[in-house]
Amino acid sequence: MAYVPILKGKVGEFLALGHASEEVQSQIRPVMEVVPDCDVRDLLETFCDRAMDYVPNGMVLTVDCGALPAARVLKGDVGGPMVRVGESLSQRQVAMRPVFRGTDTDETLAEVRAVMAWHRQGGCLRISSARDAQARRPDDERVREMLRTLHAVPEEIDLIIDAGPVHSRDRRAALSVEVLETLHHMARWPWRHECVAAGAFPVNLTNFPRGRATPVVREDALLWKQVCDQWRGNIPVSATSV
């Protein structure tokens, strides 16, 4: 069973990925989020350079450009951030799998389709299980529409169900219900891989003592275990957002 770390696409995260042991690298399917950074002159090229330098040979990097505006980044034939990253990573011989959402426009999905055609690694549908989330689970018609637009079948698509932050037992109990409902709704489609993601990194480290390790409750791991104990279908893999 693989583990899916969801990482910010900054230098520290790339360094950690590149310096992980071969055993760890063989057991993870990393998702890298391209995040805005006003201190970086060319965000997308810098991201691609880091990927070329630190992503291990043979590893497929799932890339999420959802935090960036979908507008074209250059005039001419180059489109939005997804297609530019896909083209740049292809030139650098880094295999990529693009992330898309049910709220993406037809233009964004067309770019995802182009990247999928270049890299031949399929795609990744990321949805939220939270009831109040804007990018909550798509209905059946929307799923069929996206697959038609991408010229893809579910067996080519990874599914990430994002539960969001979980910092208490009560919140974990509520999220487990929402995740199970989403799994049930999405289980009618034969996705390539299914994954439940959550984050439990402390909001504030001020009160943590310096110079020594401090144990913390991994509510994200407990959420995944709670879901797995109650789910009767294929066991989803675990993911952590940091």
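The values are calculated or read from the model by the stated rules, or taken from the named source; none is laboratory data. The shown structure was predicted, so the numbers you read here are calculated from the model rather than taken from an experiment. When we count neighbours, we look across all protein chains shown, and the Cβ atoms used for this are built from the backbone with ideal geometry, even at glycine. The protein model used for the area step is the full one, side chains on, heavy atoms only, and it has no ligands, DNA or RNA in it. Shrake-Rupley method; radii C 1.70, N 1.55, O 1.52, S 1.80 Å.
To keep it simple, each residue is scored yes or no on (1) without any contact (Cβ under 8 Å) to a residue 60 or more places away in the chain; (2) outside any loop (DSSP other than H, G, I, E, B); (3) among the acidic types (Asp, Glu).
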site: Glu45; (1), (2), (3): yes, yes, yes
site: Met52; (1), (2), (3): yes, yes, no
site: Arg84; (1), (2), (3): yes, yes, no
site: Gly102; (1), (2), (3): yes, no, no
site: Thr108; (1), (2), (3): yes, yes, no
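Would a scan of segment 33-41 turn up a residue that is of a type in the set (Asp, Glu) and touching a residue at least 24 places away in the same chain (Cβ under 8 Å)? Yes, segment 33-41 contains a residue that is of a type in the set (Asp, Glu) and touching a residue at least 24 places away in the same chain (Cβ under 8 Å). Number of residues in segment 1-27 that are touching a strand residue (DSSP E or B) at 6+ places or on another chain (Cβ under 9 Å), closer than 30 Å to Arg41 by Cα and either assigned to a loop (DSSP other than H, G, I, E, B) or at pLDDT below 95 (or both): the value is 2.
Against the condition at pLDDT 95 or above, under 20 Å from Gly122 (Cβ atoms) and not acidic (Asp, Glu), how does Val196 come out, does it pass?
Numbers: at pLDDT 95 or above: yes; under 20 Å from Gly122 (Cβ atoms): yes; not acidic (Asp, Glu): yes.
The answer is yes for Val196.
Once segment 13-26 is narrowed to residues that are under 17 Å from Ala95 (Cβ atoms) and of a type outside the set (A, V, I, L, M, F, W, C), the residue that is surrounded by the fewest Cβ atoms within 10 Å (Cβ to Cβ) is Ser26.
Cys38 satisfies every condition listed in (1) assigned to a strand (DSSP E or B); (2) loosely packed, with under 13 Cβ neighbours inside 10 Å except (1). Among residues that are modelled with pLDDT of 90 or more, touching a strand residue (DSSP E or B) at 6+ places or on another chain (Cβ under 8 Å) and either more than 15 Å from Met32 (Cβ to Cβ) or open to solvent by less than 20 Å² (accessible area, probe 1.4 Å) (or both), Val83 is not included.
Taken over segment 194-242, the criterion of being in contact with a Phe, Trp or Tyr (Cβ under 6 Å, 6 or more places away or on another chain) and buried (at least 20 other Cβ atoms within 10 Å of the Cβ) is satisfied by Val196, Ser238. Out of the residues in segment 114-148 that are open to solvent by 60 Å² or more (accessible area, probe 1.4 Å), of a type in the set (Asp, Glu) and over 25 Å from Gly199 (Cβ atoms), which is modelled with the lowest pLDDT? Selected residue: Asp139. Quick check on Val63: is it more than 30 Å from Val143 (Cβ to Cβ) and among the β-branched types (Val, Ile, Thr)? For Val63, the condition - more than 30 Å from Val143 (Cβ to Cβ) and among the β-branched types (Val, Ile, Thr) - is not met. Suppose we keep only residues that are at pLDDT 95 or above and touching a Pro at 6+ places or on another chain (Cβ under 8 Å) within segment 225-240. Which one would you say is farthest from His167 (Cα to Cα)? Filtering segment 225-240 for residues that are at pLDDT 95 or above and touching a Pro at 6+ places or on another chain (Cβ under 8 Å), the one farthest from His167 (Cα to Cα) comes out as Cys228.
Of all residue pairs spaced 6 or more apart or on separate chains, those with beta-carbon atoms under 6 Å, a first member in segment 161-180 that is closer than 22 Å to Leu7 by Cα and a second member that is of a type outside the set (A, V, I, L, M) and assigned to a loop (DSSP other than H, G, I, E, B) are Ile161/Ser129; Ala163/Ser129; Val179/Ser129.
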